[in-house]
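*Asks:* Let me give you the structure first, and then I'll get to my questions.
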Amino acid sequence: MNTIDIRRSIRKYEDRKIEKGKIEKILRAAMQAPSAHNQQPWEFIVVEDKELLSTISKMHNYSAMIANAGCAIIPVANKDYIKEPDFWQQDMSAAVQNILLEVVEQGLGAVWVGVAPKENLMLYLKRIFGLPEDIIPFAIIPIGYTERQNKFKDRFDERRVHYNKW
Ligand SMILES: Cc1cc2nc3c(=O)[nH]c(=O)nc-3n(C[C@H](O)[C@H](O)[C@H](O)COP(=O)(O)O)c2cc1C
């Protein structure tokens with residue numbers, strides 16, 4: 001089974017820190033993502049502090065798992081790097097997907113917690129981290145060790161494939 005097949009959203013984590021080496025490999029994967037005009041609009045906030053994890057876990061009803069993560073990565077876009085304003089969210093999404101796949105490679109689990117484009121959520125994180133105007137929080141990815149084996153779910157649906165015509 002390849003990495004793409006066994007990636008699943010993992011929301012339960014062991015009470016264990018993530019090694020710096022693993023975090024670096026995950027961030028390296030993030031920064032290998034494609035981006036429009038190669039603009040690479042991303043920067044990353046790594047949150048390891050338990051209290052801070054607990055605070056950001058209160059962002060909304062579906063972010064509680066962040067409190068128990070070994071760490072969380074918050075990809076943010078820096079407006080200074082954005083040349084193609086219409087595409088920065090797609091660039092950030094590509095980076096997030098690379099993170100999720102490298103997490104599997106590192107024997108860890110994670111889930112994409114959505115932030116942008118919801119203004120209230122972006123503001124919530126901006127306030128907590130005191131982010132400057134030019135820095136836009138995009139998502140939160142809690143990461144942790146997990147006992148659960150990632151399982152393959154086949155989602156291929158040939159009715160959604162159109163060769164040459166609709
Ligand atoms: C843009 C985006 C936002 C998401 N936000 C949340 C979230 O806030 N909380 C959560 O538990 N899962 C979140 N997810 C994860 C999805 O629920 C999950 O990917 C989906 O149910 C499919 O399951 P799988 O990732 O295991 O394949 C988000 C996924 C995406 C792509």
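*Asks:* How many residues, within region 126-161, are of a type outside the set (Val, Ile, Thr) and farther than 27 Å from residue 54 by Cβ? Give the steps one after another, and end with the answer.
*Replies:* Within region 126-161, the first condition is being of a type outside the set (Val, Ile, Thr), and the residues that meet it are 126-127, 129-134, 137-139, 142, 144-145, 147-160.
Subset that is farther than 27 Å from residue 54 by Cβ: 134, 149, 151-160.
The qualifying residues number 12.
*Asks:* For region 1-83, give me every one of the helices (runs of 4 or more DSSP H) that falls completely inside it and has 3 or more residues that are without any contact (Cβ under 8 Å) to a residue 40 or more places away in the chain.
*Replies:* By residue number, 20-30, 50-56.
*Asks:* (1) within 28 Å of residue 133 (Cβ to Cβ); (2) of a type outside the set (Gly, Ala, Ser); (3) buried (at least 17 other Cβ atoms within 10 Å of the Cβ); (4) within 13 Å of the chain's Cα centre (by Cα): which one isn't true of residue 89, the others all being true?
*Replies:* Tallying (1) within 28 Å of residue 133 (Cβ to Cβ); (2) of a type outside the set (Gly, Ala, Ser); (3) buried (at least 17 other Cβ atoms within 10 Å of the Cβ); (4) within 13 Å of the chain's Cα centre (by Cα), residue 89 fails exactly one: (3).
*Asks:* Here's something else I'd like to know. Looking at (1) under 14 Å from residue 42 (Cβ atoms); (2) within 10 Å of the ligand (Cβ to nearest atom); (3) among the aliphatic types (A, V, I, L, M), which one does residue 100 not meet, given that it meets all the others?
*Replies:* It is condition (1) that residue 100 fails.
*Asks:* Still on this structure: Looking at region 25-68, which of its residues are out of contact with any Cys (no Cβ under 9 Å at 6 or more places or on another chain), among the aliphatic types (A, V, I, L, M) and away from the ligand (no atom under 16 Å from the Cβ)?
*Replies:* Once the filter is applied, which keeps residues that are out of contact with any Cys (no Cβ under 9 Å at 6 or more places or on another chain), among the aliphatic types (A, V, I, L, M) and away from the ligand (no atom under 16 Å from the Cβ), region 25-68 yields 26, 27, 29, 31, 36, 45, 52.
We did not get these values from a lab; they are worked out from the coordinates using the rules stated. Here the structure is a predicted model, which is why all the values come from computation and not from measurement. Heads up, the Cβs are rebuilt from the backbone with ideal geometry, glycines too, and the neighbour counts pull from every protein chain shown.
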